[in-house]
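J.: Below: one structure in structure tokens.
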Amino acid sequence: MDDVYAPPDSPLDVVHVDDHLLVLNKPSGLLSVPGKGAHLADCLLSRAQAAFPQALLIHRLDRDTSGLMVFALTPLAQKHVGQQFERRGVKKTYVARVWGHLEPRDGTVDAPLIVDWPNRPLQKICFETGKVAVTDWKVLRHGDAESRVRLMPRTGRSHQLRVHMLSLGHPILGDPFYATGQARDFPRLMLHAEELRLRHPDGGKGVRFTAKTPF
């Protein structure tokens with residue numbers, strides 16, 4: 001994978017903002033949080049805090065994944081929504097394009113994950129020492145040599161959706177870590193966080209946020 005970090009110079013895409021929450025649509029190629037070193041300082045968190053100085057981190061998205069990230073605008077909101085993520089109360093829906101024709105039309109991958117230490121940051125399936133990781137999938141449509149799928153992770157492990165799709169023999173297109181050959185030859189990782197459902201920290205009402213898939 002190319003180590004040169006060249007994040008997109010796109011304006012902040014605000015999906016929702018109120019007194020408690022800020023929801024942004026992260027572009028592919030932009031880090032969620034700063035990396036190690038000044039050259040990796042540009043990230044969605046720093047861009048968010050430039051416009052909303054009180055913005056606080058709650059969760060992350062992989063650099064190559066686009067889509068919804070929710071930030072807190074108060075410490076109370078950070079704690080409230082953070083606990084929802086920890087308790088798996090936040091419902092996340094992704095859209096991906098994967099290699100080949102995924103069959104059957106829907107199913108579940110239940111395969112624990114652990115970091116592949118010699119090859120980190122890659123992850124791998126390990127039924128002995130891995131942490132629980134579960135992903136539901138549903139095929140939206142088939143293309144010539146690919147499938148468009150909706151992915152609904154029940155857990156939030158690092159690289160979970162990438163490794164689970166790979167384990168089915170259908171890597172996500174454009175994945176610089178796990179795809180090979182023609183499946184890798186795309187301008188970006190074809191994975192987008194399209195929908196988030198959670199309880200609003202002010203009153204607990206269910207709220208739903210969406211960001212249209214750009215591919």
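The values are calculated or read from the model by the stated rules, or taken from the named source; none is laboratory data. Predicted model, so just to flag it, every value in this text is computed and none were measured. For neighbour counting, all protein chains shown are included, and Cβ atoms are generated from backbone atoms with ideal geometry for every residue, glycine included.
J.: Based on what the data block shows, is Ala145 of a type outside the set (Lys, Arg) and crowded, with 17+ Cβ neighbours inside 10 Å?
T.: In short, no.
J.: Starting from the range 204-215, take each residue that is in contact (Cβ under 8 Å) with a residue 60 or more places away in the chain and more than 25 Å from Lys79 (Cβ to Cβ) and list its partners that are among the aliphatic types (A, V, I, L, M) and surrounded by 10 or more Cβ atoms within 10 Å (Cβ to Cβ), counting only C-beta distances under 7 angstrom and pairs at least six apart or across chains.
T.: If the second residue must be among the aliphatic types (A, V, I, L, M) and surrounded by 10 or more Cβ atoms within 10 Å (Cβ to Cβ), the pairs left are Thr213/Val95; Phe215/Met190.
Yes or no, residue by residue, for (1) assigned to a loop (DSSP other than H, G, I, E, B); (2) among the basic types (Lys, Arg); (3) closer than 30 Å to Pro8 by Cα:
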site	(1), (2), (3)
His101	yes, no, no
Val109	no, no, no
Arg141	no, yes, yes
Arg162	no, yes, yes
Pro187	yes, no, yes
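J.: So which of Val109, Val90, Val70, Val95 is hydrophobic (A, V, I, L, M, F, W, C) and either over 27 Å from Cys43 (Cα atoms) or more than 15 Å from the chain's Cα centre (by Cα) (or both)?
T.: Result of the check over Val109, Val90, Val70, Val95: Val109.
J.: Is the range 46-67 home to any residue that is touching a residue at least 40 places away in the same chain (Cβ under 8 Å), within 14 Å of Asp13 (Cα to Cα) and either in contact with a Ser or Thr (Cβ under 8 Å, 6 or more places away or on another chain) or not in a loop (DSSP other than H, G, I, E, B) (or both)?
T.: Checked against the condition, which is being touching a residue at least 40 places away in the same chain (Cβ under 8 Å), within 14 Å of Asp13 (Cα to Cα) and either in contact with a Ser or Thr (Cβ under 8 Å, 6 or more places away or on another chain) or not in a loop (DSSP other than H, G, I, E, B) (or both), the range 46-67 yields at least one hit.
J.: Take the residues in the range 86-106 that are free of Cβ contacts under 8 Å to residues at least 40 places away in the same chain and closer than 30 Å to Arg141 by Cβ, then tell me which one is surrounded by the fewest Cβ atoms within 10 Å (Cβ to Cβ).
T.: Pro104
J.: Run down Asp110, Asp116, Asp175 and say which single residue is at pLDDT 95 or above and either closer than 23 Å to Thr210 by Cβ or touching an Asp or Glu at 6+ places or on another chain (Cβ under 8 Å) (or both).
T.: Asp175
J.: Please work out if Leu22 is among the aliphatic types (A, V, I, L, M), in a loop (DSSP other than H, G, I, E, B) and modelled with pLDDT of 95 or more.
T.: No: the conditions fail for Leu22.
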